[in-house]
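Engineer: Take this structure, written in structure tokens, and hold onto it; I'll ask about it next.
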Amino acid sequence: MLRNRFLTQVVCLSLVLMCGPSARAQAYAGPHALGSYEIGHKVLIRTLSSSLGKPIAPRSDAVLCYRSADLGHLWIKSAAGAPSRVGGVLLSDFPNCLDSPVMDTSGSLRQWKTTEGIGLGSTTQSVLAAYGKPSRNDLIKGVAYRWVVYGDYHNGRYSAKSMPERGDEVLVYLGADVLSTAEFGLRNGRVVWIFLSEDE
């Protein structure tokens, strides 16, 4: 009888240890859409590029760069193993493509927002009010988050070019599967870039 009680306690403790923390980490609390891009819908690069202007046939290493007249900037990357599908987008208030062709779009990229109304210029408080406590809060120091400027890293080296100010901190929202990811780059308490992805 004591042995059965002991085994029951061991099983219950194991279930608590396995399920407790992971259950809290299961839910992705970040946005599901940014502008014309929605995660969970397997958006095609051709479809998204068509909404920005001319439809583009994807390549295996596709990263498309756009800018709008109101100084909004966007890059779109293809999904790993699925070059015709969008893997993620990055919207910023600074140029974010080096040595890559940048296409003009007639739409306003600075008006791209999440479903909850978060966009460039939104406050830290509004992000927290919309999505709650982030999975992580990172500081931007040194080479951290230089990847937001596409083309900055080649052959194991960072570009010697002067980098735009990428902000001072990042609010990161992750799903338990780490496929759904949202990151908000902040400068002086305001959003200066947003990354939304559903990719490896």
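The values are calculated or read from the model by the stated rules, or taken from the named source; none is laboratory data. All of these numbers come straight from a predicted model, not from anything done at the bench. Here Cβ is always computed from backbone atoms with ideal geometry, including for glycine, and neighbour counts include all displayed protein chains. Protein only, heavy atoms only, side chains kept; ligands, DNA and RNA dropped before computing areas. Shrake-Rupley method; radii C 1.70, N 1.55, O 1.52, S 1.80 Å.
Engineer: Please get the size of the charge dipole for the stretch 139-200, origin at its Cα centre, with Cβ charges of +1 on Lys and Arg and -1 on Asp and Glu, quoted in debye to the nearest 20. Don't skip to the answer; put the middle values down first.
Structural biologist: Details: 7 positive and 9 negative charges, 94 e Å.
Here the size comes out at about 460 debye.
Engineer: May I pose another question? Work out the FRET efficiency for residue 63 and residue 124 from their Cβ-Cβ distance, taking R0 = 30 Å, and round it to the nearest 0.05. Could the numbers behind the result be given before it?
Structural biologist: Values: r = 28 Å, r/R0 = 0.95.
The value I calculate is 0.60.
Engineer: Note down the accessible area of residue 56, probe 1.4 Å, to the nearest 10 Å².
Structural biologist: 40 Å²
Engineer: To continue, here is another question. In terms of Cα to Cα distance under 18 Å, which lysines are near enough to residue 161, apart from those fewer than 8 places away along the same chain?
Structural biologist: Qualifying lysines at Cα under 18 Å: 141.
Engineer: Please arrange 183, 165 by accessible surface area, largest first, computed with a 1.4 Å probe and ligands excluded.
Structural biologist: The most accessible residue leads, giving 165, 183.
Engineer: Which whole-Hz ³J(HN,Hα) couplings does the stretch 142-157 yield from phi under the Karplus relation 6.51 cos²θ - 1.76 cosθ + 1.60, θ = phi - 60°, glycine and proline marked x?
Structural biologist: Result, ordered by residue: x, 8, 4, 6, 5, 4, 5, 8, 4, x, 6, 10, 9, 6, x, 10 Hz.
Engineer: With a 1.4 Å probe and every protein chain left in place, tell me how much accessible area residue 163 has, in Å² to the nearest 10.
Structural biologist: Surface accessible to solvent at residue 163 totals approximately 40 Å².
Engineer: How large is the dipole of the stretch 71-142 about the Cα centre if only Lys and Arg carry +1 and Asp and Glu carry -1, each at its Cβ, rounded to the nearest 20 debye? Please list the in-between numbers first.
Structural biologist: Numbers: 7 positive and 5 negative charges, 52 e Å.
Dipole about the Cα centre, nearest 20: 260 debye.
Engineer: Per-residue accessible area for residue 150 at 1.4 Å probe radius, Å² rounded to 10?
Structural biologist: Accessible surface of residue 150 is approximately 80 Å².
Engineer: Going from most exposed to least, what order do 28, 131 have by accessible area with a 1.4 Å probe? Mind showing how you got there, number by number?
Structural biologist: On the way: 28 40, 131 15 Å².
Ranked from most to least accessible, the order is 28, 131.
Engineer: Over all Cα pairs of the stretch 53-200, how is the pair count split among 10 Å bins, expressed in % and running from 0 up to the last occupied bin?
Structural biologist: That works out to 11, 40, 39, 10, 0, in percent per bin.
Engineer: Still on this structure, I have one more. Placing unit charges on C-beta atoms (Lys and Arg positive, Asp and Glu negative, everything else neutral), compute the dipole magnitude of the stretch 107-175 about its Cα centre in debye, rounded to 20. Walk me through the numbers before you get to the answer.
Structural biologist: Working: 9 positive and 6 negative charges, 31 e Å.
Here the size comes out at about 160 debye.
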